[in-house]
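Written out below as structure tokens is the structure these notes cover.
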Amino acid sequence: MAEVMTEKITLEDSLPLPGPTTTVLGPHVDIDGDVHIDGDVMLIGRISGSLRCKRFVLDREGELEGVLVADSAAIWGHVNADMYVPIIELHAGCAVEGAAYHEQFILDREAFFEGKSRRYQNPQAMAPAA
């Protein structure tokens, strides 16, 4: 089931390390369609469609609608999506609706989650085909 976070984690703690495999999609980005990035993603803008990546961080201003397939996700913004992610962290101030298929689901006391949560050994294998 969901674990309740007791220590305060900041957005800065969740940020992927800058490097050649990190993509930042800034506030000016508005994508309608499917995105596949072979690396880490920091989303400050908006994606409506599917996103497949390694490590995903959604900024407080970021929005994702559709499907997320990743190795891990730290959510601070708004999501209306089905998530197929082994480790999902929902942080204070986020608003998430949809289905979460995961191995580990971490829910901050001040996070909003409306939907279903299902634990699976390999949630990424359940994701719809790209």
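The values are calculated or read from the model by the stated rules, or taken from the named source; none is laboratory data. Because the structure is predicted, anything quoted here is derived from the model rather than measured. No Cβ is skipped: glycine too gets one built from the backbone with ideal geometry, and neighbour counts run over all protein chains shown.
Tabulated results
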quantity: Inter-residue pairs, beta-carbon under 6 Å, first exposed (fewer than 12 other Cβ atoms within 10 Å of the Cβ) and of a type in the set (Asp, Glu) and in region 16-27, second in a loop (DSSP other than H, G, I, E, B) and at pLDDT below 65, 6+ apart; calculated: none
quantity: Residue list for region 79-130, filter: under 13 Å from LEU68 (Cα atoms), of a type in the set (Val, Ile, Thr) and in contact with an Asp or Glu (Cβ under 8 Å, 6 or more places away or on another chain); calculated: VAL79, VAL85, ILE87, VAL96
quantity: Filter result (farther than 21 Å from ILE47 by Cα and among the acidic types (Asp, Glu)) within region 75-130; calculated: GLU103, ASP108, GLU110
quantity: Wholly enclosed strands (runs of 3 or more DSSP E) of region 69-129 bearing at least 1 residues touching a residue at least 40 places away in the same chain (Cβ under 8 Å) and either surrounded by fewer than 18 Cβ atoms within 10 Å (Cβ to Cβ) or under 14 Å from the mean Cα position of the chain (by Cα) (or both); calculated: 72-75, 78-84, 87-90, 104-107, 112-119
